[in-house]
1. If I take R0 = 30 Å and measure r between the Cβ atoms of GLU225 and ASP3 in this structure, what FRET efficiency does the formula 1/(1 + (r/R0)^6) give, to the nearest 0.05?
2. Per residue, how much accessible area does the chain have with a 1.4 Å probe, in Å²?
3. Any idea what angle helix 216-226 forms with the longest principal axis of the chain, computed on alpha-carbon atoms, 0 to 90 degrees, nearest 10?
4. Per residue of the chain, what 222 nm ellipticity follows from adding -39500 (n - 2.57) for every DSSP H run with n ≥ 4, rounded to the nearest 500?
5. Using label points projected 7 Å from each Cα along Cα→Cβ, tell me how many nm separate ASN47 and VAL111, to one decimal.
6. Restrict the search to the stretch 165-259; then list the chymotrypsin sites (Phe, Trp or Tyr not before Pro) that DSSP places in a loop and that have at most 14 other Cβ atoms within 10 Å of their Cβ.
7. Grab the beta carbon distance between ARG36 and ARG177, set R0 = 51 Å, and tell me the FRET efficiency rounded to 0.05.
8. Test of understanding: given the chain, find the longest segment containing no GluC sites (Glu not before Pro) that are in a DSSP loop and have at most 12 other Cβ atoms within 10 Å.
Amino acid sequence: MRDVLEHNREAWNRQSRSGNCRWSDPVDAATIAAARRGQWQVILTPNLPVPADWFGEIAKARVLCLASGGGQQAPVLAAAGAEVVSVDASEAQLAKDREVAERHGLAVHPVRGDMADLGCLPDGSFDLVFHPVSNVFVPDVRPVWRECHRVLRAGGRLLSGFMNPAFFLFDHEALERGEPPVATFELPFADTRDLTPDQLQARMAAGEPLEFSHSLDAQIGGQIEAGFVITGFYEDRWDPAATRLDRFMPTSMATLAVR
């Protein structure tokens, strides 16, 4: 697992520094100014804004942005009045959070770390954890939910986004070639197990992060096992131009869970 974490850290550093990654494009000054006026929204999934009532009272809240670096959500939540700690494996993604925060005088504290091991953070120290689609990059999601539960106070909220497991049934290289969707892989899928050795080597050589699917039993059931109560849910899609599967089904989902 440490090898996967290190590879994905380097892969996200590379993507973030490339300037061609949607999730590494920091928000602009107008977005920060609007958030300070109370006009803001953020996303857990590719497109749909998170419902405003999922956040509760954000002013002066202690918020953990978990595996969501890139100068996007953390600075907006800080501009809305929260005190934010941003934990991410990628130094380059955290640098984007730091740059926006310093430019606008925002309370964002970046910390490099592992979403599945938050030992550097005390028990019960946050009011809200904001965790967009990113646990696709860890082999086992259940430790992530246990750590979220530990660092939240009683009554604290976990807002999380994750991939529809069915997304990983398909060979996406074949879809990009225009072939029809055909179930190819057994679930749960793992790059490290289900790609051929040549495919895996090519993916790693290209600096692409390694991905892992997780069952709904692990995603939703894992939150419940950790001690959460699920109180909100929605599904989302990518732009159909990004993945042909969006013609057929939602490819991501989000939950609101209360400790």
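1. Using R0 = 30 Å, I get an efficiency of 0.65.
2. With all protein chains present, the chain gives 46 Å² per residue.
3. 40
4. Calculated from helices alone, the mean residue ellipticity at 222 nm is -9500 deg cm²/dmol.
5. Between ASN47 and VAL111, the label points sit 3.6 nm apart.
6. PHE248
7. 0.65
8. It runs 58-185.
The values are calculated or read from the model by the stated rules, or taken from the named source; none is laboratory data. The shown structure was predicted, so the numbers you read here are calculated from the model rather than taken from an experiment. FYI the Cβ positions are ideal-geometry reconstructions off the backbone, even for glycines, and counts take in every protein chain you see. With ligands, DNA and RNA removed, areas are computed over all heavy atoms of the protein, side chains included. Shrake-Rupley method; radii C 1.70, N 1.55, O 1.52, S 1.80 Å.
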